[in-house]
Amino acid sequence: MTGGPGPTNAAGVTPRNPSKLPRPRRPAVTQQPRTYRQILQGTDVIADAVRPTLGPLPRLVVLEALRRTDVPEFLDDAATIGRRIVEITPRGCDVGAMLIRQALWTMHQEVGDGAATMAVIYQSLLREGVRHVTQFDCNAMLLRAGLEKGLLAVSDRLRRDASPIAGQQPITDMALGMCQGDCEIARILGEIFDIVGPDGLIVVEGHERLGLEREYVEGTYWKLSGWFSRLLLSKPAEMRETFEDAALLITDFELKDPAALVPVLERCIKAGVKRLVIIAREVSDRVIGLLVNNNRAGTIQTLAVRTPKVLEMDRVASMEDIAVLTGGRVFYSAAYQGLPAWDGADFRVEDLGRARRAWAMDSLFGIYGGAGDPRQVRQHIARLSGQLRLAQRPSSRQPYDEHQVEDLRTRLGRLNGGTVILRVGAVHETVREQRKMVAQRAVTALRNALTGGVVPGGGAALLNAASALCSQQAANDDEVYAYRMLARALEEPLRTIAANAGCVPDVVIEKVKAAPHGYGFDVRIGRVVDMRACGIVDPLEVLLKALEVAVSGAVMALTTDVIVHHRKPVESVDP
């Protein structure tokens with residue numbers, strides 16, 4: 001039997017035990033000087049993890065498998081390594097780690113290479129910035145202004161040092177440095193880019209066979225398309241149909257009633273059209289029956305294929321590209337809302353697109369020799385190029401959309417001509433995926449190099465560009481410190497490359513500074529050489545993006561004074 005209630009106060013209320021009262025929750029807020037220490041510690045964790053991967057003689061980073069039965073993952077791509085690190089402790093350090101992790105993934109998304117270069121510049125800027133603010137009482141906002149002014153001067157100097165690249169052997173030599181020494185991938189990419197140029201559509205796929213295979217496709221093609229029924233094929237055993245001198249009806253309709261196609265077929269027959277490709281979202285069995293009967297009668301050869309893509313916006317973009325390439329008109333289902341179905345009454349033979357050759361398989365549809373107006377094709381390409389430039393410069397209103405950028409690049413590749421399929425194979429699935437990832441990264445970097453030009457590689461261009469800071473007029477002492485910080489950070493890639501190769505960084509730096517302009521240190525042979533003559537070059541666009549991301553990320557961390565933590569943050573693996 002339990003005892004009675006405890007003693008009461010004057011109001012007759014039993015006081016609660018103070019030891020059982022809930023403790024007041026303190027806000028999870030970190031302020032200076034702990035903010036700088038924790039952000040810098042988190043940055044060092046990520047940067048030091050990717051630093052060994054920089055240079056032609058890199059080290060590997062091993063990721064432990066989640067299950068003991070799985071094989072560990074060997075990585076040498078800085079962006080992938082950063083993304084594999086989901087969280088570090090303590091949570092204050094995790095904020096700094098996630099800032100540089102996001103910067104690494106930005107490099108991967110936008111230019112496909114240069115993430116390790118960006119990381120070591122970022123780390124150097126942040127270290128020197130924190131030291132100047134805490135020890136020399138510099139103003140972080142004035143340092144930020146000086147770094148941004150210095151970035152403009154260095155970028156201008158790099159652009160003046162850039163030169164175009166052309167020819168299969170120079171492209172192969174440059175690709176070799178991007179493929180971690182995989183000579184086979186570098187050789188084939190050199191051949192591919194020499195044939196299709198920087199704007200060609202290059203698709204990298206994995207396959208079960210050993211080695212590499214490339215297939216050059218005439219014209220262009222679309223996935224998630226293809227014929228609706230094998231009954232429409234003249235030779236069903238071949239699983240492919242090809243029409244020479246084909247006409248194309250471009251729609252996104254769901255053709256269910258055969259009566260809608262009767263006016264179209266009648267007008268095509270009267271106009272002398274021999275082969276007609278009908279592009280539609282869906283085709284009913286009754287419509288397929290009508291087309292099969294026409295094929296057997298020999299009046300007109302027809303083939304029904306799916307409108308490319310699944311998402312509505314992608315489908316509209318694909319139809320627009322087909323219409324521009326072939327000179328046809330698109331019949332949009334959205335324009336006929338309120339009507340029971342499209343009846344084909346407003347169709348004219350002039351609305352058909354034309355192509356020298358159209359072909360289809362069960363999941364692919366392609367055209368070659370489209371009869372579109374060349375001026376309209378060029379205008380369409382210029383419009384898409386402008387959209388791509390805007391998409392690659394994200395802002396607070398419009399964040400970076402990887403799907404949009406990749407889709408615009410693919411569309412431009414189709415419109416500009418050549419299409420190549422590169423199939424990558426290996427003995428083990430892990431090796432195959434790694435080689436495929438290396439090839440995809442090299443394709444993006446090579447496209448940037450052929451478009452924007454190249455500069456001496458191996459950190460030499462960045463070291464030479466530091467001389468542009470000497471002529472900059474500083475408005476105050478803090479800007480002077482900012483220029484010194486940036487000049488020191490520009491040495492960091494070459495220092496890291498030398499250290500990874502077992503050389504003494506300070507000795508290498510002095511040798512390169514004393515060498516003529518355009519010379520650098522080839523760590524593979526251990527001496528100063530003409531970098532362009534030896535094929536050691538870096539894409540200009542990659543270096544410019546690395547500097548931009550490093551400076552913007554470092555100044556963001558440098559001007560952060562307070563960290564506020566969520567008590568229970570939502571878990572996420574996205575950057």
The lone condition His108 fails out of (1) more than 17 Å from Gly42 (Cβ to Cβ); (2) touching a Phe, Trp or Tyr at 6+ places or on another chain (Cβ under 7 Å) is (2)
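Give the residue, chosen from Val549, Val537, Val564, that is modelled with pLDDT under 90 and within 25 Å of the chain's Cα centre (by Cα). If you could, list the steps in order and put the result at the bottom.
Values: Val549 fails: modelled with pLDDT under 90; Val564 fails: within 25 Å of the chain's Cα centre (by Cα).
Being modelled with pLDDT under 90 and within 25 Å of the chain's Cα centre (by Cα) holds for just one of Val549, Val537, Val564, which is Val537.
Only one of these is touching a residue at least 60 places away in the same chain (Cβ under 8 Å), in contact with a Lys or Arg (Cβ under 8 Å, 6 or more places away or on another chain) and closer than 16 Å to Val438 by Cα: Gly181, Gly206, Gly219. Name it. I'd like the intermediate steps shown before the answer.
On the way: Gly181 fails: in contact with a Lys or Arg (Cβ under 8 Å, 6 or more places away or on another chain); Gly219 fails: closer than 16 Å to Val438 by Cα.
Within the list Gly181, Gly206, Gly219, the selection yields Gly206.
Which members of region 174-196 meet the condition of being among the aliphatic types (A, V, I, L, M) and surrounded by fewer than 18 Cβ atoms within 10 Å (Cβ to Cβ)?
In the first step, residues of region 174-196 are kept if they are among the aliphatic types (A, V, I, L, M); the result is 174-176, 178, 185-186, 188-189, 192, 195-196.
Ile195 - this is the single residue of region 174-196 that is among the aliphatic types (A, V, I, L, M) and surrounded by fewer than 18 Cβ atoms within 10 Å (Cβ to Cβ).
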ask   = Just wondering, is there one or more residues in region 50-59 that are surrounded by fewer than 21 Cβ atoms within 10 Å (Cβ to Cβ), under 24 Å from Arg484 (Cα atoms) and out of contact with any Phe, Trp or Tyr (no Cβ under 9 Å at 6 or more places or on another chain)?
value = no
Here, strands (runs of 3 or more DSSP E) confined to region 185-257 with at least 1 residues that are more than 30 Å from Val292 (Cα to Cα) are 201-206, 211-217
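How many of the residues making up region 9-52 are part of a helix (DSSP H, G or I), at pLDDT below 90 and not charged (D, E, K, R)? Show your work before the answer.
Pass one, region 9-52, residues part of a helix (DSSP H, G or I): 18-20, 34-52.
Then keep just the ones that are at pLDDT below 90; that gives 18-20, 34-35.
With not charged (D, E, K, R) added as a condition, the list becomes 18-19, 35.
Counting residues in region 9-52 that are part of a helix (DSSP H, G or I), at pLDDT below 90 and not charged (D, E, K, R) gives 3.
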Next on the checklist: Just to be sure before I move on: is Ile171 outside the structural domain of Pro56 (by TED's automatic domain parsing), surrounded by 20 or more Cβ atoms within 10 Å (Cβ to Cβ) and touching a residue at least 12 places away in the same chain (Cβ under 8 Å) in the structure I sent?
Outcome noted: yes
Conditions (1) over 25 Å from Thr172 (Cα atoms); (2) not in a loop (DSSP other than H, G, I, E, B) -> Val529 fails only (1)
Counting only helices (runs of 4 or more DSSP H) entirely within region 80-165, those with at least 1 residues that are among the charged types (D, E, K, R) and closer than 30 Å to Ser471 by Cα are 115-135, 140-161
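Among the residues that make up region 518-529, is at least one of them acidic (Asp, Glu) and either farther than 18 Å from Ala78 by Cα or modelled with pLDDT under 90 (or both)?
Quick first cut of region 518-529, residues acidic (Asp, Glu) only: 522.
If we keep only those that are either farther than 18 Å from Ala78 by Cα or modelled with pLDDT under 90 (or both) too, we end up with 522.
Within region 518-529, one or more residues are acidic (Asp, Glu) and either farther than 18 Å from Ala78 by Cα or modelled with pLDDT under 90 (or both).
The values are calculated or read from the model by the stated rules, or taken from the named source; none is laboratory data. None of these values were measured; they are calculated from a predicted model. Cβ sites come from the backbone with ideal geometry, for glycine too, and all protein chains shown count toward neighbours.
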